[in-house]
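Visitor: Here you go, one structure.
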Amino acid sequence: MIAEPRQPRFASPPPVRVLLLDDEPLNLLLRTATLRQNGYECVPTANIEEAVMQFDQIDIAVLDYHLGAGQFGTEAAALLRRRRPHVPIIILSSTIEYYFGGVEDMHLLKGYSSVEDLLSALRALEANRHGSSSVVDARDFYYSRLSLAIGADVIVQIFDKNGVWLHCNAAAARHFGQSIEWFTGRNIFEEMPDIMRDWRDVIATVAVTRETYIDRTHRGLTNEPRAGRPTQLWSVLAFPISLHDGRSGVVLTARTLPQPSLA
C-alpha cells in the first residue's frame, strides 16, 4: 500500500509585537486590551526610558505625543528611527501641528481617529514593516472626519483662503471626474476658472472674517455645462474652519435643490 504523501505544514507567523507608549495608565490599558483582542502582542510602556528598553523586540510602535515630565512621543520616535529605521511609527495626538511629518510614518488624531483607524493603520504598516517606510498624510484623518459628519451625499471641499484644496470628499471627486488624490495642493481658480470665477472673493472673505456664507441660487458652482445634463440649482454653504496648521480656511459644501415643478 502506497502511503499518501504528507502535506507540508506551514507554521503560523508570529503575532506582530506593538510597542505602546502612553503616560496615562487607563489609555494604555484600554489600547492594550483592544489590540490584543485583534491578535496583536502588545508591549505597554509608560515613559521613554521603558520604551527604549523594548526597541529591539518590536515590529511597530504606537507612541502618544504628549507624555508627562516634559517628554514627547516624537523624542522616542527619533531614537527608534536611529536604532531601527524600518520599524513603522504611529504618533497619537490630540492636536495636529504643522511640524508633524518627521520621522513618524503616520499620525492619528485622538478624538477624530477611531479604533478602526488605528487597526487599519497597523494592518497597512504591518504589511511592509520589513521594507521601506510608508508615509501617510495625517491631514486625511482630520479632514475626512469632517466630511463624514457632513454626509457622503454632499459635495465637500476644504480650501485655504487662496483657494488651494486641502481636501475633498468622494462625492466631489466623482462630480469633477478626478481621483481624491488629484485635488490636494491644486488651486481651484487655476484648475477650474470658469466654474469658480465668482467665488474667489467669497472664499477669501469667509476665511478672513470667519463669517458663514449661504447661496441657494448660484448655477455655476460645481456645475459646468455638460451635454445631455440639465442645469441644476445648488444650495451652497461656506463656513470657516481652522486648518491643520492653524491658518483659517473654508469648508465649501454643495447639494442640489429639487427643481420647481412646471405643472
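Visitor: Consider only pairs whose beta carbons are under 8 Å apart and that are at least six residues apart or on different chains; among these, list those whose first residue lies in the stretch 66-79 and is among the acidic types (Asp, Glu) and whose second residue is crowded, with 16+ Cβ neighbours inside 10 Å and in a helix (DSSP H, G or I).
Guide: Within 8 Å, the pairs are Glu75/Ile48.
Visitor: So, of the residues in the stretch 157-190 that are of a type in the set (Val, Ile, Thr) and modelled with pLDDT of 90 or more, which turns out to be nearest to Ile241 (Cα to Cα)?
Guide: Ile158
Visitor: Looking at the stretch 53-67 only, could you name the residues that are outside any strand (DSSP E or B), touching a helix residue (DSSP H, G or I) at 6+ places or on another chain (Cβ under 9 Å) and within 10 Å of Leu19 (Cβ to Cβ)?
Guide: Passing the criteria: Phe55, Ile58, Asp59.
Visitor: Considering the stretch 247-263 alone, what residues qualify as being of a type outside the set (A, V, I, L, M, F, W, C) and either exposed (fewer than 10 other Cβ atoms within 10 Å of the Cβ) or at pLDDT 80 or above (or both)? Steps first, answer last, please.
Guide: At the first step, the residues of the stretch 247-263 found to be of a type outside the set (A, V, I, L, M, F, W, C) are 247-249, 253, 255-256, 258-261.
Matches in the stretch 247-263: Arg247, Ser248, Gly249, Thr253, Arg255, Pro258, Pro260, Ser261.
Visitor: Please go through the stretch 132-156 and pick out each residue that is among the hydrophobic types (A, V, I, L, M, F, W, C) and at pLDDT 80 or above.
Guide: Ile150, Val154, Ile155, Val156, listed by residue number.
The values are calculated or read from the model by the stated rules, or taken from the named source; none is laboratory data. Values in this document were obtained by computation on a predicted structure and should not be read as measured data. Don't worry about glycine lacking a Cβ; one is built from the backbone with ideal geometry, like all the others, and counts go over all protein chains shown.
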